[in-house]
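The values are calculated or read from the model by the stated rules, or taken from the named source; none is laboratory data. Not measured: the values here are computed from a predicted model. Don't worry about glycine lacking a Cβ; one is built from the backbone with ideal geometry, like all the others, and counts go over all protein chains shown.
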Amino acid sequence: MTGKLYIHNSLTRTKQLFEPLNPPFVGMYVCGPTVYNEVHLGNLRTFISFDLIYRWLIASGYKVRYVRNITDVGHLENDADQGEDKISKRARLEQLEPMEIVQKYTNSFHQVLDIFNCLPPSIEPTATGHIVEQIEMTKAILAKGLAYEVNGSVYFDVKKYAEKHPYGILSGRNIDELISGTRDLEGQEEKRNPLDFALWKKASPEHIMRWPSPWGEGFPGWHLECSVMSSKYLGTKFDIHGGGMDLKFPHHECEIAQNCAANDEDPVRYWIHGNMLTLNGKKMSKSEGNFILPRDLLYGTPPLVDKPYSAMAIRFFILQAHYGSTLDISMDALAASEKAYRRLVQAMKELNNLKSGNISTWDVNAWNFECEAAMNDDFNSPVLIAQLFEAVRVINGCKDGSQQLDELSLNFLKKQMHLYMIDVLGLKPEEETSGKLNQLEAVIKLLLDIRKSARDRKDWATSDLIRDELLKAGIIIKDGKEGTTWEIN
Ligand code: AMP
Ligand code: ZN
């Protein structure tokens, strides 16, 4: 790969030349999911964005250590250290052990990412696997005088820290504004200042997830795990830290403060934040009930989804927007992407059968330069995709005889189209899975038609038999005013 890579650094709010600390090695840390429920399409967008970034770094010749954590303790319902632990709460609701919840949703997260062809990270550490290190970092921050213990909990002293360090640099917030903007929440009385955040929380008697510590039994605060695991696996200073935009404050701001306090080093050289996926113009969010699950799209679950979409068409839809822009999902936009994606796949097939000519009417090298330049310009996948459509135009031209490519150019085009489509954008050929889905859809439609005619004849036995047998096979059917719909359980 040639060319220099420029990255929009959220810390400096400028595009900067990417210069890794120890080339060709690159250390990248991305905040992973809190595994208490299924990831929604918004979460998936963020993981696909960083998958694209990871893939481009690899394609550029870097040896990347990609660390993405699993949050399996410490993330409370309210980001201000309040409420029940999200995992404990879910365990209570589902009547499972917290670790069963963690395993269940970690498995489901891996499955989803695999379906959407995201490469696994090099290391996937868990918060519960690093309790000892989290206690050590808490001790280090206490020793620096930048944290205090109250009644078995330890809080980071933001005001004290801010005397010497710029708290708020990442999110662009000023500490005085932050203080005046915080509400006095119930249960926050232990804190000297509402901006302070927990490094370690004392476990109440009913709290299940608890570990012994020098301050009594408790559990780590949410922000601490990422400081601990990034510095453990990537060093006290590393190249890239990523996550969704909504994590800038307080999570990433607190991470910077913890690392600076414990290690006297500003940890991250390039902060990258993915922008939000929105639904009806509002951030997709589970807690707001404003979300679509990946499988809703794969199976075409009504009422939000009109028909099944293939995983690669959805991935393509996501990559058609730059990771730094918001993206609103609608069925119309998705259908348009699906159509465009099919054209691209079709052209890839035709490319394989093209015969070379004596001369080239198109400069493949210049085109390839543009493709590289797009990705080197802050991983600009929409511009890369536009370039791929430029290649589609030429491929179609070669087919109808209005263009031709000599052997060398044709082979280079084939190689580079493979590189950009499959290795960089991660759009793997998927006839097999989408074919199976179409078959399933056809079979269920047939069964629903048979059931409808049974019901018209008042043959309830047959109608119920079909419903019950489908349910046993994991397919739920629902009769509504607008007819019968189905979804996979
Ligand atoms: P969580 O499990 O809530 O910590 O979220 C996992 C990742 O998904 C984080 O990086 C979030 O920033 C990201 N995320 C959450 N909601 C959205 C959204 N609507 N669009 C894009 N990314 C999101
Ligand atoms: Zn994190």
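Among the listed residues Ser122, Ser171, identify the single one that is in contact with a Phe, Trp or Tyr (Cβ under 6 Å, 6 or more places away or on another chain) and either closer than 30 Å to Met421 by Cα or modelled with pLDDT of 95 or more (or both).
Ser122
Can you pull out the residues in region 46-74 that are basic (Lys, Arg) and either touching a Leu at 6+ places or on another chain (Cβ under 9 Å) or farther than 30 Å from His207 by Cβ (or both)?
Arg55, Lys63, Arg65
Within the bounds of region 85-102, is there any residue that is touching a residue at least 24 places away in the same chain (Cβ under 8 Å) and within 15 Å of ligand 2 (Cβ to nearest atom)?
The answer is yes; a qualifying residue exists.
Counting only residues that are in contact (Cβ under 8 Å) with a residue 24 or more places away in the chain and more than 16 Å from ligand 2 (Cβ to nearest atom), how many does region 271-293 have?
14
Please go through region 220-248 and pick out each residue that is closer than 20 Å to Ile135 by Cα, within 16 Å of ligand 2 (Cβ to nearest atom) and not aliphatic (A, V, I, L, M).
Correct list: Pro220, Gly221, Trp222, His223, Glu225, Cys226, Ser227, Ser230, Ser231, Lys232, Tyr233.
Taking region 220-244, which residues are at pLDDT 95 or above and hydrophobic (A, V, I, L, M, F, W, C)?
Leu224, Cys226, Val228, Met229, Leu234, Phe238, Ile240
Looking at Val30, Val73 in this structure, which one is crowded, with 23+ Cβ neighbours inside 10 Å, within 14 Å of ligand 2 (Cβ to nearest atom) and modelled with pLDDT under 95?
Val73
May I ask you to list the residues in region 242-267 that are touching a helix residue (DSSP H, G or I) at 6+ places or on another chain (Cβ under 7 Å) and under 22 Å from Ile7 (Cβ atoms)?
Result: Gly242, Gly243, Gly244, His251, Glu255, Asn259, Glu265, Asp266, Pro267.
Test of understanding: among Glu19, Glu84, which residue is within 25 Å of Glu206 (Cα to Cα) and either touching an Asp or Glu at 6+ places or on another chain (Cβ under 9 Å) or modelled with pLDDT of 95 or more (or both)?
It is Glu84.
On the given criteria, is Glu38 outside any strand (DSSP E or B), within 16 Å of ligand 1 (Cβ to nearest atom) and of a type in the set (D, E, K, R)?
For Glu38, the condition - outside any strand (DSSP E or B), within 16 Å of ligand 1 (Cβ to nearest atom) and of a type in the set (D, E, K, R) - is met.
Output yes when any residue across region 274-286 is more than 10 Å from ligand 1 (Cβ to nearest atom), farther than 21 Å from His322 by Cα and either touching a strand residue (DSSP E or B) at 6+ places or on another chain (Cβ under 6 Å) or not assigned by TED's automatic domain parsing to the domain that holds Ser171 (or both), and no when none is.
The answer is no; no qualifying residue exists.
Limited to region 31-84, what total is found for residues that are polar (S, T, N, Q) and more than 19 Å from the chain's Cα centre (by Cα)?
So the count comes out to 3.
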